[in-house]
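Student: Sharing a structure with you now.
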Amino acid sequence: MGPGGFDKWTRRFEDERERRRVRGDPDWSLGARLHPAVWAGVQRFQVGEDGDGANLLAKADRAGDTDYAQAVRLFVAEERNHARMLALLLAAGKRPGLSGHWSDTVFVRLRRLMGLRTELLVLMIAEVVALRYYRALRDGGGDPLACEVAARILADEERHVPFHCDRLNVSLGELPRLVRRPVMAVWRLVLLVACAVVVVDHGRGLRRLGVGRLRFLADVMASAGGVTSAVLGSGPGGSPRGGVG
């Protein structure tokens, strides 16, 4: 087992890759019908999923844990697969993809500011918000193809969050004890601001999915407690205590 115990994550990602290969893709020929406001949300999340992960991979390599670096490569491959599936969902609905979005640009620049710890803290903001969004799309989309795509992505994200929590648990453990809780308090504040931007930007689409702005915001912030507990816990545990859904 590697120094951080991340070989277990490599196995989980590899097992999921094999299940995905055997299962195959959704039936894109079904087509997809969603409200225009919901399509706008799908377009923006597709942009967010579509990145090469080069900076994260380089920082993971420099961390010196080969098991973790391999797990990150498999994580990035899953994120690319999400972008691919969302692009095909948009094509099934005869909707174009976006070349970019200002919110994704801001997140990418923030993630690149410092080292692996900062990269993961910023990435976790997007991941926690995505958990609630894909759950809303799965449960409220009303379109079989869109619901299946959302369910597949959601299942992956439910593994991604504890994976990152495990690494952040190790990373914050390298900081003085008195600093760790303030770091996570700042993280929760930034999450609140980011989520507020999302609910303003996606409000109409969220209502069409049966989730009001305040409910979405409250659910995301409630899930932050489980993330904080996992990151500040005594050691990597494989899943945030208190849940993140």
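The values are calculated or read from the model by the stated rules, or taken from the named source; none is laboratory data. Remember, predicted model here, so these are calculated numbers, not experimental data. All Cβ positions, glycine included, derive from the backbone under ideal geometry; neighbour counts span all protein chains shown.
Student: Could you count how many residues in region 165-220 are under 30 Å from Gly5 (Cβ atoms), of a type in the set (Gly, Ala, Ser) and in contact with a Lys or Arg (Cβ under 9 Å, 6 or more places away or on another chain)?
Tutor: The number of residues fulfilling the criteria is 2.
Student: Let me ask something else about it. Please find, among Ala63, Ala54, the residue that is free of Cβ contacts under 8 Å to residues at least 40 places away in the same chain and more than 21 Å from Glu158 (Cβ to Cβ).
Tutor: Ala54
Student: Consider Val170 carefully, then state whether it is touching a Gly at 6+ places or on another chain (Cβ under 6 Å) and under 23 Å from Lys8 (Cβ atoms).
Tutor: yes
Student: I need the full set of residues from region 4-47 which are surrounded by 20 or more Cβ atoms within 10 Å (Cβ to Cβ), touching a residue at least 60 places away in the same chain (Cβ under 8 Å) and within 15 Å of Asn81 (Cα to Cα), in order please.
Tutor: Matches in region 4-47: Phe13, Pro26, Val42, Phe45.
Student: Starting from residues that are under 17 Å from Leu116 (Cβ atoms) and within 19 Å of the chain's Cα centre (by Cα), keep the ones in region 4-27 and report whichever is modelled with the highest pLDDT.
Tutor: By that ranking, first place goes to Trp9.
Student: Ok, one more. Could you grab me the full set of residues in region 184-194 that are surrounded by fewer than 19 Cβ atoms within 10 Å (Cβ to Cβ) and either touching a residue at least 60 places away in the same chain (Cβ under 8 Å) or among the β-branched types (Val, Ile, Thr) (or both)?
Tutor: Val186, Val190, Val193
Student: Same structure again: Between residues in region 145-168 that are on the phi < 0 side of the Ramachandran plot and residues that are of a type in the set (Val, Ile, Thr) and not in a helix (DSSP H, G or I), which pairs lie under 7 Å by C-beta distance while being six or more apart or on different chains?
Tutor: So the pair list comes out as Val161/Val244.
Student: Out of the helices (runs of 4 or more DSSP H) lying entirely within region 28-115, which hold 3 or more residues that are more than 26 Å from Arg208 (Cα to Cα) and at pLDDT below 90?
Tutor: Counting at least 3 such residues, we get 54-62, 102-111.
Student: Is there a residue being exposed (fewer than 14 other Cβ atoms within 10 Å of the Cβ) and closer than 21 Å to Ala150 by Cα anywhere in region 84-96?
Tutor: Taking every residue of region 84-96 in turn, at least one turns out to be exposed (fewer than 14 other Cβ atoms within 10 Å of the Cβ) and closer than 21 Å to Ala150 by Cα.
Student: Looking at region 123-182, which of its residues are within 15 Å of Gln46 (Cα to Cα) and β-branched (Val, Ile, Thr)?
Tutor: Listed by number, the residues that qualify are Val129, Val149, Ile153.
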